[in-house]
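**Q** Shown below is the structure under consideration.
The values are calculated or read from the model by the stated rules, or taken from the named source; none is laboratory data. What you are looking at is a predicted structure, and each value in this text was computed from that prediction instead of being measured. No Cβ is skipped: glycine too gets one built from the backbone with ideal geometry, and neighbour counts run over all protein chains shown. Keep in mind that these areas ignore ligands, DNA and RNA; they rest on the heavy atoms of the full protein, side chains included. Shrake-Rupley method; radii C 1.70, N 1.55, O 1.52, S 1.80 Å.
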Amino acid sequence: MIRDIVMMGDPVLRTEAEDVTVFDDDLRRLVRDMYETMYHADGIGLAAPQIGLSKRVLVVDLRREAEGEEPERIALINPRIVWESKETEKQSEGCLSIPGLEEVVQRPAVIRIEGFDEVGNEVEIEADDLFGRALQHEIDHLNGVLFIDRVSPLKRRMLLKKWKKIEAEAEDE
Ligand code: NI
């Protein structure tokens, strides 16, 4: 089922999400809905707060499978970053909850994450490149953090100004 995506301004996006404690059919249904919602919105990542649910659940799918490599698609429950590289990278990011805004964000180039899959198996992964970036962006959502928080104050002011304009135009329609 495709769920509504919550836009910036909704307090749920600024709330620290709660750990999942029960790995049941409801959780698996939630993960399925999140994939469906993400594909429908043409995104590469989605966190549960973005559909108004304050739970530590995220999905990422870059929809590209390099030959001989693990598919870069994953659902993670209660993910924690356990290691990050000192080396950082800068890349442009956007967010389904702030459509129309994009900005370059600096993040660790490589991270290691521990968490669970939707049936409760422990998962440990190392991710770099766009995959690592998408995972960091979604984990930020679980902590009430948006990518606009990770740019300079000047750029942030510009982005917020642009967002006000986008919001006003949406109301006019
Ligand atoms: Ni986002």
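**Q** Suppose we filter Leu130, Leu96, Leu135 for residues that are open to solvent by 50 Å² or more (accessible area, probe 1.4 Å) and either among the aliphatic types (A, V, I, L, M) or more than 16 Å from the ligand (Cβ to nearest atom) (or both); which single one remains?
**A** Among Leu130, Leu96, Leu135, only Leu130 is open to solvent by 50 Å² or more (accessible area, probe 1.4 Å) and either among the aliphatic types (A, V, I, L, M) or more than 16 Å from the ligand (Cβ to nearest atom) (or both).
**Q** Moving to a separate point now. Please verify whether Ile77 is surrounded by 13 or more Cβ atoms within 10 Å (Cβ to Cβ), without any contact (Cβ under 8 Å) to a residue 60 or more places away in the chain and closer than 28 Å to Asp24 by Cβ, treating the condition exactly as stated.
**A** Taking the combined requirement at face value, the residue satisfies it.
**Q** Next question, about the same structure. Going through Lys86, Lys90 one at a time, which residue ends up being away from the ligand (no atom under 13 Å from the Cβ), part of a loop (DSSP other than H, G, I, E, B) and either over 19 Å from Val123 (Cα atoms) or touching a His at 6+ places or on another chain (Cβ under 6 Å) (or both)?
**A** Within the list Lys86, Lys90, the selection yields Lys86.
**Q** Hey, another quick one. Name the residue, out of Phe116, Phe131, Phe147, that is in contact with a helix residue (DSSP H, G or I) (Cβ under 9 Å, 6 or more places away or on another chain) and among the aromatic types (Phe, Trp, Tyr).
**A** Phe147
**Q** Is it the case that Glu103 is at pLDDT 95 or above, open to solvent by 20 Å² or more (accessible area, probe 1.4 Å), under 20 Å from Phe147 (Cα atoms) and of a type outside the set (A, V, I, L, M)?
**A** Numbers: at pLDDT 95 or above: yes; open to solvent by 20 Å² or more (accessible area, probe 1.4 Å): yes; under 20 Å from Phe147 (Cα atoms): yes; of a type outside the set (A, V, I, L, M): yes.
It is true that Glu103 is at pLDDT 95 or above, open to solvent by 20 Å² or more (accessible area, probe 1.4 Å), under 20 Å from Phe147 (Cα atoms) and of a type outside the set (A, V, I, L, M).
**Q** Out of all the residues in the range 18-43, which are open to solvent by 10 Å² or more (accessible area, probe 1.4 Å), closer than 17 Å to Arg73 by Cα and either in contact with a Lys or Arg (Cβ under 7 Å, 6 or more places away or on another chain) or in a strand (DSSP E or B) (or both)?
**A** Within the range 18-43, just Asp33 meets the criteria.
**Q** Another question, if that's okay. Out of curiosity, is Glu118 under 19 Å from Ile81 (Cβ atoms) and away from the ligand (no atom under 16 Å from the Cβ)?
**A** No: the conditions fail for Glu118.
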